[in-house]
1. Would you calculate a helix-derived [θ] at 222 nm for chain B, using -39,500 (n - 2.57) for each DSSP H run of n ≥ 4 and dividing by the full residue count, to the nearest 500?
2. Given label points at 7 Å from Cα along Cα→Cβ, what nm distances, shortest first, separate A:GLU39 from the same residue in every other copy?
3. Note down the net charge around B:ARG2, summing +1 for each Lys or Arg and -1 for each Asp or Glu among other residues with Cβ under 11 Å from its Cβ.
4. Other chains' Cβ within 10 Å of B:70-76 residues: what's the mean?
5. How many angstrom separate the Cα center of segment A:35-98 from the Cα center of segment B:38-87?
6. Take the cross-link list A:LYS85/B:LYS88; A:LYS54/B:LYS45; A:LYS76/B:LYS45; A:LYS88/B:LYS85; A:LYS54/A:LYS84 and give me the ones stretching past 32 Å between alpha-carbons.
7. How far, in nm to one decimal, is B:ARG20 from itself in the other copies if the label point is set 7 angstrom along Cα toward Cβ? Shortest first, please.
8. Order of B:20-26, B:68-74 by packing, highest average Cβ count within 10 Å first?
2 protein chains.
Amino acid sequence: MRTMQISEFQEMMRRLYFTRDSARGVDGTFNWLVDEVTELGEELKGSDHLATEKEFADVIAWLASLANIMGIDLEKAALAKYPKKCPKCQSSPCQCTF
Amino acid sequence: MRTMQISEFQEMMRRLYFTRDSARGVDGTFNWLVDEVTELGEELKGSDHLATEKEFADVIAWLASLANIMGIDLEKAALAKYPKKCPKCQSSPCQCTF
C-alpha cells in the first residue's frame, strides 16, 4: 500500500502546480479552495462514495497549494497545533466539556 | 523532526475527537469545516504568520474529522486522485493549457 506524509503530499503539489499556483496568487487560490469545499458539501448530500472521495482529495490538494504559495509547512503547522492531544484540554481523547 | 503520514494524522484526529465528531454528525462537522476555511481566509489578509499556520492546521484537522465520520481514507483518496501527476493532463509538472 502506498503511503504519504503530509509534507510529501505538499511537495508533490508544489512540483505539479507551483508555477501556476504562484501566478494565480493567494486570493485566487483561496477562492478555488472555497469552491472545492462547496463541491465537497454538495457530494456529502449524495450517495456517490467515489465522487465524495475525489472531493476530499481536491480540498486537501488546494489547501496544500495555498500553503505552498504562503510558504507554510502544512505538516509542521498541523503537528504544532495537534501534537497528539487536544490543543484546548491537552488530553487524548479530548475531554473538553463545552 | 517529527513527521506524519496523512493517514496517521487522520487516525490521531479519530482518537482525539471521533466520539464528539460522530455525535455532531456530517452536516454539523461540514459547517465547522466551512467556518475554519472562512477563518483561514481572514488570516490570509493579515500578517500574523503563526496565526495563519494555526488556521491551516484547523482546516486539515476538520477535513480529517469529516473524513472519519464519512468512513473515507483521506490519504488513499488524495493519492488516488493525485498519483504524482496531474489528473487532467497526466503530466508532472502539470501541462494543462486552460
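Bear in mind that the values in this text are calculations on the coordinates, not laboratory data. Because the structure is predicted, anything quoted here is derived from the model rather than measured. Here Cβ is always computed from backbone atoms with ideal geometry, including for glycine, and neighbour counts include all displayed protein chains.
1. -24500 deg cm²/dmol
2. Listed shortest first, these distances are 2.6 nm.
3. For residues surrounding B:ARG2, the net value is 0.
4. Values: counts 7, 2, 6, 2, 7, 9, 7.
Mean inter-chain Cβ contacts per residue within 10 Å come to 6.
5. When both Cα centres are located, 4 Å separates them.
6. A:LYS85/B:LYS88; A:LYS88/B:LYS85
7. In nanometres, ordered from closest: 3.8.
8. B:68-74, B:20-26
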